[in-house]
Amino acid sequence: MNTKQIHRLLSLIMIAASLSLFSCRSSKELIYMKDVQNNQMLKALTDTVTEYIIEPGDILYVSIKSMNAEVNALFNPESNMESSSYNSYQRFTTPQGAYLYGYEVDEKGNLQLPILGDIPVAGLPNSEIENMVQQYADGYLKEAIVKVKLLNYKVTIMGEVKNPGVYYNYNNNFTVLEALAMANGNTDYANITNIMVIRPQPGGQKAMILDLSSSGAWLQKGFYLHPNDYIFVEPDNHKNFQLNAQAYSMIISSASLLLAVFGLLK
């Protein structure tokens, strides 16, 4: 290979490395639901499909209040403790608080409550459980007010988000978009067309792939999260360029130096 051919080869290497280094990404690749039109009605799955079904091992917050102060103390022992309302709230918004003050559904699927006894709740959505406990309470108490919430509704968000971690939810319905918002959104290198949701199942783990750039994501079960789901936001190919930027810079610098040397040798 003569000097001219070497010179040409080095030029091509430097051009290719430069293109890789400065390869840019379009902002359109980070737009959610980009196929949605103005005033368009988006189709979504019904609550009966997306609502979480209570299972043995779930932990529930149960509040039963009536005109009887002694009954209130029995069902709501945390209310007797000397603390601010903020600390009272904190008892149920931490794993430790949920474990200590919540009611765990036993292996038979029953919710064990003082006076009311065992209430079969496994296999039911949370909204029905509140009505069921209300019926049990009405049989023993006068003008009782019942509230039931799921306490162990946590999801784990990893990958190309600004604040990965474990997040807790206290609504009956919870979507991937809400989870990403809790993690302060995705990074500039996120591939929103390939969001993976891993859901624990009795027979193993079920993987669901979501394309959040399309409004069709609303019609997928994985879009509506369940307790203990894992959300993985994978990086796109542009992140490889960023991670290898130093190596590309060295290639360009070396090629430039060689070109200069061969230029002097002519």
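The values are calculated or read from the model by the stated rules, or taken from the named source; none is laboratory data. None of the values given here were measured: they were computed from a predicted structure. Counting neighbours? That spans all protein chains shown, and the Cβs are built from the backbone with ideal geometry, glycine included.
Structure data summary
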| quantity | calculated |
| --- | --- |
| Whichever residue in the stretch 25-43 is at pLDDT below 75 and surrounded by 10 or more Cβ atoms within 10 Å (Cβ to Cβ) and, among such residues, is nearest to Thr187 (Cα to Cα) | Leu30 |
| Subset of the stretch 61-75 (residues that are surrounded by 13 or more Cβ atoms within 10 Å (Cβ to Cβ) and either in a loop (DSSP other than H, G, I, E, B) or not assigned by TED's automatic domain parsing to the domain that holds Asn126 (or both)) | Ser66, Asn68 |
| All positions within the stretch 44-60 that are at pLDDT 85 or above and either more than 21 Å from Pro120 (Cα to Cα) or in a loop (DSSP other than H, G, I, E, B) (or both) | Tyr52, Ile54, Glu55, Pro56, Gly57, Asp58 |
| When residues of the stretch 117-144 are limited to those that are over 32 Å from the mean Cα position of the chain (by Cα), modelled with pLDDT of 90 or more and not in a helix (DSSP H, G or I), the one surrounded by the most Cβ atoms within 10 Å (Cβ to Cβ) | Asp118 |
| Residue within the stretch 102-111 that is loosely packed, with under 11 Cβ neighbours inside 10 Å and modelled with pLDDT of 75 or more present | yes |
| Residue count for the stretch 165-175, restricted to those that are crowded, with 17+ Cβ neighbours inside 10 Å and either assigned to a loop (DSSP other than H, G, I, E, B) or modelled with pLDDT of 95 or more (or both) | 2 |
